[in-house]
Amino acid sequence: MDVCVRFWPDGEKQLSTRYYNSAFLGSAKATDLLENLKVAAQPIDFNEIIYLSMDGPNVNLKMKQDLIDEKAVLNEALSNLYDLTEIDLNEDKKIPTKNIDLSFRVKAAFRKVDKSKYKDIDILSFKKDVRQCFKRSCLKLLDKCPLKYPIIRALSSLDPLIACKKTLGAKRFEKLLNILNTNNWIGDIKGENALNQFKKIQDTEHLLSRLQGFSLKDCRVDVFWTEICSKAKFHVNDFQSVMQMCLILFNGNASVERSFSINNETLVPNLVNESLIARRIVHDEIISAGGVINVKISKPLITHFRLAYSKFTAANKLKADELKKATEKDLKRKNALAQIEILKKKKRTQMMPAIEKKNVLMKKLHPSVKCFDLLKKRKMARKTYFNPQWLSMPSFEPWLEKKVGFPNEFQCKLCHRGYSLSNMGTTALSSHMKGEKHLALLRCSQHSIKSHFPMLKECGGETSQQAGTLASTSATLPQCSSVNSINSVSTSASLPQRSSVNSESSLSQRLSTNPVDEQSLVTEAPFRGKATLHAYSVSEGVSKAEILWCIQSVMSHKSLRVAASDVSLFPMLFPDSEIATNMRLQKDKISYISVYGLHPYFFDQLVFELNQQEWIVLGFDESFNKISKNCQMDINVRFWCDKKVVTRYYSSAFLGKTTAPDLLKAFNEAISRIDGKKIIQVSIDGPNVNFKFIELFQKYLGEDEEDVILLNLEVLKESSNLARLDVLKTENLLPVKELEIGYETRKALKKVSEKIKDQEILQFRSSIRTCCQKMVLKLQEKSPLKYRTVKAITCFDPAIAATSVGLNRFKNLLGILVDHNIISGSAGDLARNDFSRLCEQSIDDLKSYKRYSKEEDTDLDTFWTQLAHKHLKGKDLENFMKIIKISLILSHGNANLERGFSVNSECLNPNLQEKSLVARRSIYDSVSSIGGIQKLDITKSLQNSVRLARSRYSTALENMKQENKIKAEALKRKKENAIVIEELKRKKTDIMNNALREAKVIDDEVAHISK
């Protein structure tokens, strides 16, 4: 629960809204809210609060009623309601059914309804239901309307445009004073003085002219009234006091809700509540000061900074005391339980003779006593006893000890408490080792002096050995920052940090267990520390240099051998540079850094950026790869980024065949990390196999998303005249004699006119017309005018947008988007109004637009974004920008993909593998998109990805060996099976030949006998 305060600082011209505190609740009942609010608002006196702003849930209203000393002014219902709240919505004449606007979405649904099943009376009944819903909504709005409160209308007296009207302004200001007087916030005399001073301001000419000329765009209301009071030549103290009291009233929870987004940015893993509140207060203070540059480093601030460690230590000591008390309480409880167990054991010992006698009697009386004994044995729980040999086991030795007097428990040195073994044995010890609290304490206890003094890296063999042990442990244990040393160093930036209490005795204990020569600490350590730091900086510089050189070799399309040979010259070119001397880049290293280091980093960045988008357009095109001898299908993505449309290379797939199923399989594998629901278009070129691919891809996405994919596939029902022209009809064709055949053709005909007849010339002209007919038919078939979206989207042409045609086409575009479930009908209604208003307000900019200009960026995406941000605000801007983004990211050709083919040809080198080509294209596109290698930031994540390249490369080689081994074994089995099959075929042939010979002999004998 975030708490904000709104007040008027002394000597300031404007009021201030600031973050104050936060409370963390387990439940959100009215009583819990009230208790936590009072704690969070300390030391503010609730008697000084004139207003409590909150949102609408009933639990908040209940909390407000529970405030006994609450003095909020919004208490009374408005006696004379505003005219709007007096509307009787039950009168049918107020809202005629026929006049209800059903918006784009509903109209689109009505167009799809089968009219044979539904009559006009059904539609009228539907409209009546809509009207009833509208009435209920309005009644709910009127019920929550702020006009029900008297102070809302009375506060409008401080609107300068109302205050300049003497009668109306004075009347409402007098009502405001009466409300404040009724709630005991001002006295009678102060109210009369404030009213007289307000009327005097209205009667002063130069102040009245300023009231009449007020504009909210030029000045804030609070600053305006402060300036009015300062320029008045008479006393206005009482009026100024009332004005400040009224203007600090909240007019909504926008300030509190904005802080939720700041909370999301502030939150990090393992952040405790106190740290979150401290970060919020510091952030709010710096923002209110105008940024870090404007924060004054005063002496009180420095004093608080110096006292921070002592306050921190005191807080930790307080927490330790509370923890100690809780531990002692828990220990007492366990001791009591142990005593109870001892008493129970004594009771069982004393009861044993009686039980044995009972068993003897039971055996005589009941034959099924064996079942009773068996059940009794099952109920008896086994318990594990502490084994002293566990103390010598390496994993348990540092922290385990025997708990005296409790044979079934063990003691943890770090946690300072005992735990039951139950019947688990060493499993109980292992389970305790994995506990979060135990790991944190173990990490702190093993935090050697090296983390506090890095220059002691090589001091003492024992220390170095222990440091190595700790270094190996730090990869698995959560990081813990020591609280007693300001110079504590975190050894792993990628691991989560946990703060824990660590006493000063633990530091002295670590110093005693790791003895260091004081002389070496004073004399040798600083020099060794400098050497270590220097070596680290050189290593870091070499890593960055190798990354940059690998990227540069890709950007300049160098072969791996040329890039490696250039590196070998660096020591000769730069003999005084340690970085150049230590660079080790051969062709294999450059290759695997590019494929398994740089490419995964840039590709993951692109995928992350795509996952943040609402809509994505994909495009692909195929070309023949001369190196791999396969068809290469390049895939591009088109999306909205930083107020403009961005087209990026995504990946490539290599195909042996280019049938539609093969294209679909390769395409789906390539875009497996993209959410199919975000795809609104797939850009393709003309071959029929691609249209078959589109049908298969829509089936793959599912029937429910059939309308979402490929906006440009819906044929224009009312196409343009050119698209509807029937060139096969004779009346639409020119006469053969009037056909323009060109000067060269005429010249050629003149030369042969004597040798050929006029009928043959006429036949030649007719064949030319037939050729033109077929060409036009093909153009009409491929014409973009067949698609509704193509014509509708021309509304964003500034020359068309400046006319009434632009609004009509924009409406058509909205209808298409609503029909395809891209936007809602309500969003379409708002966007239509925004487009109309935007075109009216920027008519001069639309008419003066020039597509190609060297002075400024005149791309359509930039142009419309600037116009929208200039004239629209809030939800209107957000809603309209959605339409802009959807429309302008639609692909209008494969030019970018075909430009990629020339990049492919530059990247191709002999024996270049397909993975290397994809990696080079991805690196080249990513670096080009940020403006070149000079603007590339070598981040830690990029360096980590490059460091992992070698291991990824080794894993890929192992996988490749396994695949080759499996293929070789399969080939070997295939050859062996082929040999066996051939042998069986030979045997079959021999058997068949022998059978034929025997059959022939038998036939001869039969023939001989027959004679």
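Rule-based calculations on the coordinates, nothing more; no lab input. All values reported here derive from a predicted model rather than from experimental measurement. Don't worry about glycine lacking a Cβ; one is built from the backbone with ideal geometry, like all the others, and counts go over all protein chains shown.
Odds and ends about this structure:
- FRET E, pair HIS235, ASN833, Förster distance 51 Å, beta-carbon r, rounded to 0.05: 0.55
- For the pair LYS299 and MET351 in one chain, pulling the backbone fully straight at 0.36 nm per residue adds 11.0 nm over the alpha carbon distance.
- At R0 = 35 Å, FRET efficiency that the Cβ-Cβ distance of LYS175 and GLU878 yields, to 0.05: 0.35
- Net length available on complete extension from LEU52 to ALA995 is 328.5 nm, with 0.36 nm assigned per residue and the Cα-Cα distance removed.
- Among LEU872, LEU618, sorting on how many other beta-carbon atoms sit within 10 Å of each Cβ, with the fewest leading, yields LEU872, LEU618.
- Projecting label points 7 angstrom from Cα along Cα→Cβ for GLU614 and SER783 puts them 3.4 nm apart.
- At an R0 of 45 angstrom, the distance between the Cβ atoms of LYS544 and SER848 translates into a FRET efficiency of 0.40.
- Segment THR17-THR939, length gained on full extension (0.36 nm per residue, minus Cα span): 328.1 nm
- Pairwise label distance in nanometres, LYS413 with LEU957, each label 7 Å out on the Cα-Cβ vector: 4.5
- In order along the range 168-176, the Karplus-derived 3J(HN,Hα) couplings, from 6.51 cos²θ - 1.76 cosθ + 1.60 at θ = phi - 60°, round to 5, x, 5, 5, 6, 5, 5, 5, 4 Hz, and Gly and Pro are given as x.
- The modelled label-to-label distance between LYS165 and ILE1002, using points 7 Å beyond Cα along the C-beta direction, is 12.4 nm.
- Only Cα sites of the range 852-1011 enter the Debye sum here, all with the same form factor; the resulting log10 I(q)/I(0) across q = 0.09, 0.20 1/Å is -0.70, -1.31, listed in q order.
- Applied to the range 837-842, the Karplus parametrisation 6.51 cos²θ - 1.76 cosθ + 1.60 on θ = phi - 60° returns per-residue 3J(HN,Hα) values of 5, 5, 5, 5, 6, 10 Hz, with x for Gly and Pro.
- Sorted by Cβ density within 10 Å, fewest first, the residues ARG986, ARG952: ARG986, ARG952
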